[in-house]
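To start, the structure itself, in structure tokens.
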Amino acid sequence: MNFSIVHPLSAIGRQIVPVIAVALIAMSLGRFPVVAQGLESEGAIDAIIGSDVKTDEVSKEGDIDRVAKAIANSRKSAEFARKAYNIDSLEIVFVPEVDENLAKVLEENEADITLLRESIEGSAIFYHAIDSRSIMLTNIIAAEFDEGNEVVIFVKGTSDTADRNIETPAVEPEGSGPAE
């Protein structure tokens, strides 16, 4: 007895498999856009952010207390920044001068502020809002989130210095004041 086993990729099979593969690839290419939307246009950034980005500047002592409270809350703000996918408004508030008290709060919460910066960098909404205003991530010191999807990001310096790293004044250790 003679048995013949037909191989699945016989002469016909070897010719049709590449044709089917090319046809599937060609069909799938037509479904995807070839050109991606660039981030150079203001319209693209507004579409990502979803709202206008306003800017302001801290001016009163009460505002400094608000900034200090937001800095102390940086860990929670980082969590909100990671989870946010839709915001109603975004305001960037510049803090032109960091006094010694604010510098101390910044130093005490340095790890949480770094976490907040990383969360903002990882979020398309916040990163593009910051980038569209040429603000360095290292100048971000705090953020406030409220229940109404309104966000305030606090930034060291002014709108003129936002694209440069702003140094925080050194904090003198306790008890190192002038000797009496």
Checklist entry - Toward the positive end of the charge dipole of segment 42-156, about the Cα centre and with charges on Cβ (Lys, Arg +1; Asp, Glu -1), which of F94, T114, I140 goes farthest? => result T114
Next on the checklist: For K54, give me every one of the lysines with a C-alpha distance below 26 angstrom, ignoring sequence neighbours fewer than eight places off in its own chain.
Outcome noted: K69, K76, K83, K156
Next on the checklist: Viscosity 1.306 mPa s, temperature 10 °C: give me the Stokes-Einstein translational D for segment 42-156 in µm²/s, with Rh taken as the Kirkwood radius over C-alpha pairs.
Outcome noted: 114 µm²/s
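Readers should treat all values here as calculations from the given coordinates under stated rules, not as data from a laboratory. Everything numeric in this text was worked out from a predicted model, so none of it was measured. All Cβ positions, glycine included, derive from the backbone under ideal geometry; neighbour counts span all protein chains shown.
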